[in-house]
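Laboratory data are not the source of any read-out in this text; all were calculated from the coordinates shown. Since the structure is predicted, the reported quantities are computational estimates derived from the model, not experimental observations. Methodologically, a virtual Cβ is constructed for each residue, glycine included, from the backbone with ideal geometry; neighbour enumeration extends over all protein chains shown.
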Amino acid sequence: MKEEEKIYRAFARELEEWSRTDKVPSMGNQDIRYYLDLQRERLRSRSLRMEYRFKLRGEHLDNIYSMTYKDQIYTNRFTSSSYLQSTIFSRDGEVVYEKEDPQSFFQTITWMDQQKPDEMYNCPNCGAVSSIETLLDGCPYCHTHFLISDLFPKVSNYYFEHNFFMNNKEFKRKAFKWVFGGILAVFLISMPAAILSYGLSGLLVSLLVSCIPGAFLGYLAMSFGMLVHLLKAAAGEVVKLPNVAGTKQKLNRLLKPYDPNFSYEHFCGEIVNRLKIILFTDDLEESPVYEGQGKVPDFSSIVESVYEGSMGLNRGFVKDGYCYLDLDVYMSDIYDTGRLSRKDDMFRIVVCKSVKKRMDFGFSIKKVQCAGCGGSFDATRQRVCPYCGNPYHLGEDDWVVLSIKVG
């Protein structure tokens, strides 16, 4: 089995385990692990429990497919396979929402071609500064040992998308239900007239004459329903197309002159992760990923958010050494408003990042170096450097959200 296939299956198992035990997936990057922690707190605050169940579907649908996008720094493998995926919500032990669908589970698995094991990092236990390479063997000051899990490869983004293909077993099961339903419907419709004409023996007559037309009508209804479902999904994608088409090329043209190592695939993962952190954060004023001034919509009822694989660029420009991007990000969200319901959302966000210096590869929101003293601290908990007191602005190192609204 190839390395990306091992990582893919491992992350799927870990995500399923997270939903049952709260153990955060080690194969997810730090942003993913962070927003999963926030999501778990959101669920707890609403007395909810969410559980994922993944079941492989058999035949060729179990195969793992991948496409590789490589640049000077990153190798991103866009990987997918098919699962029968269930999402189950329960409150106080009672199931309040359950949905089972055949889903394509997409993961972006990222390798960094230039690791920095000598990069300095604060010991999470005592705060002493050591290299990541040193911490792999334990902190030399407090002798605490850690699982250093922010080194690549990592899953940097993931999402689900309905899979319309069926294996033979699934097709036969579905066809049987519809054919049987068609026969039963025709039988019930024709039965009164048959009984009036033939008495009780009319039941047998009605059953016999119902088989062929009922089976045909049932199969026809199944085919029509599948076609409508497919056309509805296609229509949804067509509506997005004018906004989404060409986004990768536009961003490459805008950002490559400032950063030749810009990676669109890595960028998409960052933006989706920033958005999910905002959706599941209760106090945005303390979150380093958001530096907006305007009123933010209330996202407190969102308990699940899944990227739909589409992002559109409305406008992008560089001014005074900062790049500003106006983006539409398409998500599928589950809301808790007394009862749980799913809704497709488009979030319009403006993000900003300095282009005055090259990207600090290996940077993540969980590992920050102060521009004043070089100290490393956890920016998910504080915006001010604990060593020198200088405020930290994420936009100097990475993308930060300036505004957000639901489109």
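Isolated cysteines of the chain, defined as having no other cysteine beta carbon under 4.7 Å away, are CYS211, CYS268, CYS323, CYS352. Pairs spanning more than 29 Å between alpha-carbon atoms, out of LYS55/LYS343; LYS154/LYS248; LYS154/LYS356; LYS248/LYS343; LYS2/LYS99; LYS6/LYS70: LYS2/LYS99. Using a/c under 1.5 as the rounded threshold, could you call segment 1-112 rounded, prolate or oblate? The axes a ≥ b ≥ c are square roots of the C-alpha gyration tensor eigenvalues, and prolate needs a/b larger than b/c, oblate otherwise. Since a/c reaches 1.5 but b/c is at least a/b, the shape of segment 1-112 is classed as oblate. Using bins of 20 Å that start at zero, the share of Cα-Cα pairs per bin across the chain amounts to 22, 51, 19, 7, 1, in whole %. Sorting ASP344, ASP326 from the fewest to the most surrounding beta carbons within 10 angstrom yields ASP344, ASP326.
Hey, which aspartates and glutamates would be in cross-link range of LYS172, C-alpha to C-alpha under 16 Å, not counting anything within fewer than 8 residues on its own chain? Once the sequence-local aspartates and glutamates are set aside, what remains near LYS172 is GLU59.
Based on DSSP H segments of at least four residues, each scored -39500 (n - 2.57), the chain has a per-residue ellipticity at 222 nm of -11500 deg cm²/dmol. From least to most packed, judged by other beta carbons within 10 angstrom and beginning with the fewest, ARG173, ARG42 follow the order ARG173, ARG42.
Packing, as the average of other Cβ atoms within 10 Å across residues, places the peptides 25-36, 77-88, 245-256 in the order 25-36, 77-88, 245-256, highest first.
Using equal-weight Cα scatterers in the Debye expression, the normalised intensity of segment 168-243 in log10 at q = 0.14, 0.16, 0.27 Å⁻¹ is -0.58, -0.66, -1.07. Helices meeting the span-like rule in the chain (full DSSP H runs, Cα extent of at least 18 Å along the helix axis, mean Kyte-Doolittle score of 0.0 or higher): 168-198, 202-244, 264-280.
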